[in-house]
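What follows is a set of notes on a single structure, which appears directly below.
Please treat every number below as a calculation from the coordinates, not as lab data. Just so you know, these numbers come straight off a predicted model, no measurement behind them. Using ideal geometry, Cβ is built from the backbone for each residue, glycine included, and neighbour counts are taken over all protein chains shown.
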Amino acid sequence: MKNKLKSSMKQAKKLIVLYLSTNKLFISYIVLSLIGTIILRGFTVENSLNLKPLLVDLSLILIIGSFGYLIKGNKQFRYYMFWLIIYTLAEIVNHVYYIFYTSFASFGELAGLGQAETVTGSILEKLSLINFIYIIIPILFIIIHKKLSKTSYYNIMIKIEKNKKIFLTTLIIGIIILVYSLSTATKTDYSRLAKQWNRGAIVERFGIIMYQGNDLVQTLRPKISSLFGYEDSAKLFKEFFTSDENKYNEKNKYTNVLEGYNIVFIHMESIGKFLMDLEYNGVEVMPTINALAKEGMFFDNFYPQVSSGTSSDTEFTLLTSLLPVSSGIVFTSYYDRNYTTIPKLLAEKNYYTFSMHGNYASMWNREKVHPNLGYQKMYFRESFDIPDKEDKDYINLGISDSAFYRQALPKLEDIENNNVQYMGTMITLSNHSPFAFLDKYGEFDLSRIITHEDGTIETVDYLSDTAVGKYIKSAHYADVSLGEFIESVKISEHFNNTVFVLYGDHDAKLTRSEINELYNMNYETGETYTEKDFEYIDYNSFEHDLNKKTPLIIWSKNKNVQNILKGKISYPMGMVDVMPTLGNMLGIKNEFVLGHDIFNIKNKNIVIFPNGNFLTENLYYNNSSEKYYITKLGTVIEQDYIDECKKYADKRLEVTNAIIIHDLIYNEGPTLYNEEINGSKKEQDNE
């Protein structure tokens, strides 16, 4: 018995040595491929050694690699090199993408970035050499190949290799590991994979290769959407919009109070609400916005609900009361769908509708999207006198906010002179990242006067050269420019019947560590406080997410409007709630909204984010970690409450996806309420 065991062990050892010596190239491919995926998770979701995604990555690397055995000799190198390059490119792109968006890249969104043009400069600004560490992997593989080529490795391999047998063995091993890995996944894991909303959670559980492959399938769906569940989506759509539980249609004290008024939206680039609370040397960072908040109606618990489409997602969500799509960008992948929007509904009331922006109309594909959303006229870059790049009025992506507002004012007055009523959107530009144009922002002093223990007094400025310091200076410039415009509006003979709706389109996209310097700067030393210091303020990931709220203000110089629309509103509110809230005031109604009139739902509102996170009056829930942060002190949270909120959020994310992908407002909407919906599009189709 002992002799048999020894003989078996000897035979096994011999086989292992033989396998290792004749499969050096394949083993190198496996190890190097895995190292790349581990590094990526380490830099992003920070669970690099978690066994679950490691096994999924390994299984897929084995399955893909097994087909290399069907290729003869040293030609296998080309096959494995091809896949190593694919993995490396995916890792570099996702690493860079994660830095900017705190999410993973989608094929649809990467295609959309080509439409975004100058926005890509903001991504490049954040790069460093460490983001390209993955390039070492294919270089190492080339070195290994060259060393093997100098030996008799490839000749021996050709003689002894049993290609089909090794191919089948490797393929089966890969499949077994994959089946085991998938069998341990939960329903929640599969739900995330299918819906593709929470990309971080998908990579944490299934690895980057599974995520990217799944994303490719999701991206191709609109091209062949008829094959992917139209009937189920249509059923979901009908059930949702005919259910009483999803309607808050009762009137309130603000019903029709703005009927007949002109409406101008001011889309304030990257303006965060936390800036309103900052003051340096007696000067407010946001004096204009603070003043408007006091004069008008200010929503101080308001959140954009953007995905990778950032500014374009906000435009879409505000005008339609739908959330961004789970994969791709609406403005580039689904711009040709039929949506019910604020401009379309007001146009039915004979409003003239327009959009204004100092950049190219091709940015975010607006030249195609804006007409489809109902804007009758676009005043974009060609409508403005764009200064030379050296001029003080050329900042960041083009014309400065100050020059934009100056040139927009006579255009607005002309619009008012020639139209009974109008609605428009003004999109600002200067406060876009990177916030690096300090010489053009004007002076804003971030210094502090420090009295040392020995009694000496020193003026220090540790913030100006930080990312958050540059952002503060940039945002202050944007606020001052807005102030100049508002003063011009006040003294103008026009705009007596006009209401301005101002909103921050999204947060500044600064990292938690970058904003942490604002809250934990030690002005004695220029370093940041750590958890060991008494002065340390805990700025955790939950606080960082909650700090992404932006201002929303309804303001008019009309005193009657000021008397009606005033005060601070603190109900939790998302961009998706703007349309139903304003629609009630304007006397227009969209039957296909996911948001609510905030004055009807009030504190019961749930703000849903595209990644599945949500906010209520009691808590903020992270869908990836399945942890929550209590925002209302003394609140006891039951699991049933979490489950109901998750169900609510998931349903709305499913509905918005179904509407956008399958164009359901056009295809199914008329049968729900009346045949007049989308009539204009039907007439166009018939033509």
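Residue by residue, the range 258-271 carries 3J(HN,Hα) couplings of 10, 4, x, 7, 6, 10, 10, 8, 10, 8, 8, 4, 6, 8 Hz when phi is fed to the Karplus relation 6.51 cos²θ - 1.76 cosθ + 1.60 (θ = phi - 60°); x denotes Gly or Pro. Ranked for footprinting exposure by Cβ neighbours inside 10 Å, fewest first, 517, 626 give 626, 517. For residue 528, nonlocal amide neighbours, meaning residues 5 or more places apart or on other chains whose placed amide H falls under 5 Å from its own, are 522.
What order do you get for 153, 98 when you list them from fewest to most C-beta neighbours inside 10 Å?
On the way: 153 17, 98 20.
Starting with the residue having the fewest Cβ neighbours, the order is 153, 98.
Among the chymotrypsin sites (Phe, Trp or Tyr not before Pro) within the range 438-528, those in coil by DSSP and having at most 15 neighbouring Cβ atoms inside 10 Å are 523.
Taking a sphere under 10 Å around the Cβ of residue 268 and counting the other residues whose Cβ falls inside, with K and R at +1 and D and E at -1, yields a net charge of -4. Once the Cα atoms are used to define both axes, helix 401-418 deviates from the longest principal axis of the chain by about 50 degrees. Taking Cα atoms only, the orientation of helix 24-43 departs from the longest principal axis of the chain by about 30 degrees.
Stretching residue 439 away from residue 294 to a fully extended chain increases their span by 49.1 nm, per 0.36 nm per residue minus the current alpha-carbon distance. With contacts taken as Cα pairs under 8 Å and at least 6 residues apart, the chain reaches a relative contact order of 18 percent. Angle of helix 163-183 to the longest C-alpha principal axis of the chain, folded into 0 to 90 degrees and rounded to 10: 40°. Taking the average, over residues, of other Cβ atoms within 10 Å as the packing measure, peptides 263-270, 75-82, 664-671 rank 263-270, 664-671, 75-82 from highest down.
GluC sites (Glu not before Pro), restricted to the range 335-423: which are DSSP loop and have at most 15 other Cβ atoms within 10 Å? Present the calculation step by step, with values, prior to reporting the outcome.
Details: sites: 348, 367, 382, 390, 413, 416; in loops: 348, 390.
When the GluC sites (Glu not before Pro) of the range 335-423 are filtered for loop state and at most 15 Cβ neighbours within 10 Å, 348, 390 remain.
Calculated FRET efficiency, residue 484 to residue 27, Cβ-Cβ distance, R0 = 60 Å: about 0.35 to the nearest 0.05.
Taking GluC sites (Glu not before Pro) across the range 447-491, the ones in a DSSP loop with at most 13 further Cβ atoms lying within 10 angstrom of their Cβ are 453. Taking the range 441-465 and a reference point 7 angstrom along Cα→Cβ of residue 534, no backbone N atom is nearer than 11 Å. Its relative contact order, with pairs defined as Cα atoms under 8 Å and 6+ residues apart, puts the range 521-678 at 12 percent. In this rough spin-label picture, where each label sits 7 Å from Cα along the Cβ direction, the residue 35-residue 163 distance is 2.9 nm. Each residue, residue 635 and residue 86, gets one label point 7 Å from its Cα in the Cβ direction; the gap between the two is 4.5 nm.
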